[in-house]
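A short write-up of the structure that comes next.
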Amino acid sequence: MVVASEVLAKAAFKMGFEVSSFPFFGVERRGAPVTAYARIDEHPIRNKSSIYEPDYVVVLDSSLLRGIDILEGLKPSGKVLINYPAGKKLPDLPQRYKYFLIDATSIAAAHGIGSQTAPIVNTAIMGAFAKICDKVALEPVLESIREVAPVKEEENVAAAKEAYERTTEATP
Amino acid sequence: MREVMTGNYASAYGAKLARAEVIAAYPITPQTSIVEKLADFVTTGELKAQFIPVESEHSAMAACIAAETAGARTYTATSSHGLTLMHEVLIWASGARLPIVMTNVSRAMAPPWSVWVDHMDSIAQRDTGWLQFFCQSNQEVLDTIIMAYKVCESSGIMLPAMVIMDAFIQSHTSEPVDLPDQELVDSFLPPYSPDLKIEVGKPMGFGSLVKPDQYMEFRYKAMLGMKAARDRVLRVEREFKSIFGREHGGLLERYECDDADVVLVAAGSVAATAKDVVDSMRAKGHRVGLARIRSFRPFPHDEIRALAGKVEGMAVLDRSYTFGAAGAMFTEARASAYSVQKRPVMKNYIAGLGGRDITPRILERIFEDIQVVSRRGAEDEVEWVDVAGLQRRWR
Amino acid sequence: MTKSYEEIPLTPISDTPSTINLTGYWRVMRPVVDKSKCKKCTICWKFCPDGVIKLVDGEPVIDLQYCKGCGVCSFECPAKCIIMVKEGDL
């Protein structure tokens, strides 16, 4: 999650934007639920406050759809990207937003990122995000993944590319 | 070259570019990645330094004191409980006149347990004789570390400095940072060579016993050093600007203050957010400004006094509280304003403790409040902002 | 004599070793070793807080220039071969 927002910030920066990305940790432990935020702007970003009205929401773990209101504060024109198992029916969500799905878990597992029981989806999901976001393109996202990934750079890049291709819009 | 990086990495790069020769540090959330990054630099040979892993923050500072006494440029970083554990040796470092530079990632003190920002840890060290610089951006963190060495290693100063950034809001926030060329930094910051140091074969005792007939003279000299730091900070920043093209506002950064009716005085990351709020309120016709306390030690008395003579209302935001008194920034700002003939109405706002978000909306309401009380006179000098259970709603 | 702040260094520094301070003058009681009872156990040497006991052939020789006469050696000696006597006596 934190890595995903960092990849996003670096990618947007490569495209000439000013960026700011930050995590919010409940507990600083791998696997525990965390939130991360990113701002992208033409002008230097001075606002250090949290984000309450996002343009995009990215959900890395679909089990969070049950526990929390992922749509809280989302702008009317907002888009939602969810890492969601392929073929599974989407739960009831308000019609007013645009939803995009990608099975990033299967893609990450297929590319051997993380373990088979706990695939790491943060790079694949950013490939998918490049598809739905007006501000960032795929190529800078891939470049940022190469910089950020500690190991298996090309596997991570391939996963992001595949996720970019396979992201689909869904209607709940 | 501009790169996207966290405040912690900016801090590590600052120490590397300043060519710190000895680094002794103990990891603590949220400072850990500063130590990790510097350990990386040393391991890969990118930074030629001694990295001393220690068993506590007290030991970290003790190791820095020893290394600095031997003439090495030293660096450490800590946060919160780590900083307060250092308290005793912080005073030793300044009394021994050692220009150590340290990053403090300012974090609330427990209990209640918290890893998020407030300034209680830093403010609790205000009487230790360290210079204290509060930063608002990752760029400023990097630049200030380099400048702090230059300020402090001057023979007229010889005091340590704390470069302070906010937990998570800066330490873990990635934003573009310009990494200056090493050659330029080298031309700005020469190697550290103190007049006096411990040398092999020339035994000396440092910090030895002094009787009542001589103690005050040493403290007086330290006071002169801190006083001289005011000018030194400004001069070093001017030189920094001439080389690197950037500046950060001296002791007190003033933003849209020239024609302001009311100003907000604040330190740390919230000041950056406040600039957005100043812009949006000015667009609606309000004459508001921001004065950012960049150097808390030495305190910008003259600058605050000058500002106080020009405005009707001064809101002072403290991200910590001194129990039994008020916020520390407020009491000092008010003391500075005392000698002004026509004093402004001053009010203290306690906000953002333990990582509570200070939103643009809250800052706007603080400006609105000081506009009202500057006309009417403050009823309460200190108000706690955004506390559940109190009547006033801030969000 | 108090020195002006302008005449002193930034922090108090001494470049003379503390050995110039002959602490033996502080003494009220003086340790006297009865070598005939000494078992060469070295306990006095280990316990001396000022490190002024030297071992010569395993037996203690106390440097009276620095010994403050604390009596720790006398108290710790299992063979009771070190006795404390008033300065001036014996």
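The values are calculated or read from the model by the stated rules, or taken from the named source; none is laboratory data. The structure displayed is predicted, hence computed values, not measured ones. Using ideal geometry, Cβ is built from the backbone for each residue, glycine included, and neighbour counts are taken over all protein chains shown.
Count of region A:49-89 residues, restricted to those that are within 14 Å of another protein chain (Cβ to nearest Cβ) and in contact (Cβ under 8 Å) with a residue 12 or more places away in the chain, is 5. Could you tell me which residue of region B:278-290 is farthest from the other protein chains (Cβ to nearest Cβ), considering only residues that are small (Gly, Ala, Ser) and in contact with a helix residue (DSSP H, G or I) (Cβ under 8 Å, 6 or more places away or on another chain)? Looking at the filtered set, the residue picked out is B:Gly289.
For the residues B:Ser80, B:Ser106, B:Ser94, the requirement of being crowded, with 20+ Cβ neighbours inside 10 Å, modelled with pLDDT of 95 or more, over 16 Å from B:Ala18 (Cα atoms) and within 14 Å of chain C (Cβ to nearest Cβ) singles out B:Ser94.
For region A:95-106, the criterion of being out of contact with any strand residue (DSSP E or B) (no Cβ under 7 Å at 6 or more places or on another chain), at pLDDT 90 or above and among the hydroxyl-bearing types (Ser, Thr, Tyr) is met by at least one residue.
Scanning region B:221-255 for residues that are within 14 Å of another protein chain (Cβ to nearest Cβ) and not in a helix (DSSP H, G or I), which turns out nearest to B:Asp178 (Cα to Cα)? For region B:221-255, the residue satisfying everything is B:Arg246. B:Leu179 meets each of the listed conditions (1) within 15 Å of B:Ala12 (Cα to Cα); (2) within 14 Å of the chain's Cα centre (by Cα) apart from (2). Among the residues of region C:36-70, just one is surrounded by 15 or more Cβ atoms within 10 Å (Cβ to Cβ) and among the acidic types (Asp, Glu), namely C:Glu59.
Put simply, of B:Ser374, B:Ser339 the only residue that is of a type outside the set (D, E, K, R) and either without any contact (Cβ under 8 Å) to a residue 12 or more places away in the chain or more than 27 Å from B:Arg126 (Cβ to Cβ) (or both) is B:Ser374. Residues that are over 20 Å from A:Val148 (Cβ atoms), more than 14 Å from chain B (Cβ to nearest Cβ) and buried (at least 18 other Cβ atoms within 10 Å of the Cβ): does region A:18-36 have at least one? Among the residues of region A:18-36, not one is over 20 Å from A:Val148 (Cβ atoms), more than 14 Å from chain B (Cβ to nearest Cβ) and buried (at least 18 other Cβ atoms within 10 Å of the Cβ), which makes the answer no. Considering (1) over 10 Å from the mean Cα position of the chain (by Cα); (2) modelled with pLDDT of 95 or more, the lone condition that C:Cys48 does not fulfil carries the number (1).
The conditions of being in contact with a Leu (Cβ under 7 Å, 6 or more places away or on another chain) and assigned to a helix (DSSP H, G or I) are met by B:Glu303.
The set of residues from region C:11-20 being within 11 Å of chain B (Cβ to nearest Cβ) and more than 15 Å from B:Gly207 (Cβ to Cβ) comprises C:Thr16, C:Pro17, C:Thr19. At least 1 residues being farther than 27 Å from A:Leu90 by Cβ and touching a His at 6+ places or on another chain (Cβ under 6 Å) is the threshold, and among the helices (runs of 4 or more DSSP H) wholly inside region A:112-172 those reaching it are A:153-166.
Among the residues of region C:71-90, write down those that are in a loop (DSSP other than H, G, I, E, B), surrounded by fewer than 19 Cβ atoms within 10 Å (Cβ to Cβ) and in contact (Cβ under 8 Å) with a residue 12 or more places away in the chain. Those that are in a loop (DSSP other than H, G, I, E, B), surrounded by fewer than 19 Cβ atoms within 10 Å (Cβ to Cβ) and in contact (Cβ under 8 Å) with a residue 12 or more places away in the chain: C:Gly71, C:Pro78, C:Ala79, C:Lys80, C:Glu87, C:Leu90.
When each of C:Ile83, C:Ile43, C:Ile8 is tested for being of a type in the set (Val, Ile, Thr) and within 14 Å of another protein chain (Cβ to nearest Cβ), the lone residue that passes is C:Ile8.
Scanning region B:256-277 for residues that are more than 14 Å from every other protein chain (Cβ to nearest Cβ) and part of a loop (DSSP other than H, G, I, E, B) turns up B:Cys257, B:Asp258, B:Asp259, B:Ala260, B:Asp261.
All conditions but one from (1) within 25 Å of B:Asp121 (Cα to Cα); (2) away from chain A (no Cβ under 14 Å); (3) touching a residue at least 12 places away in the same chain (Cβ under 8 Å) apply to B:Ala325; the one that does not is (3).
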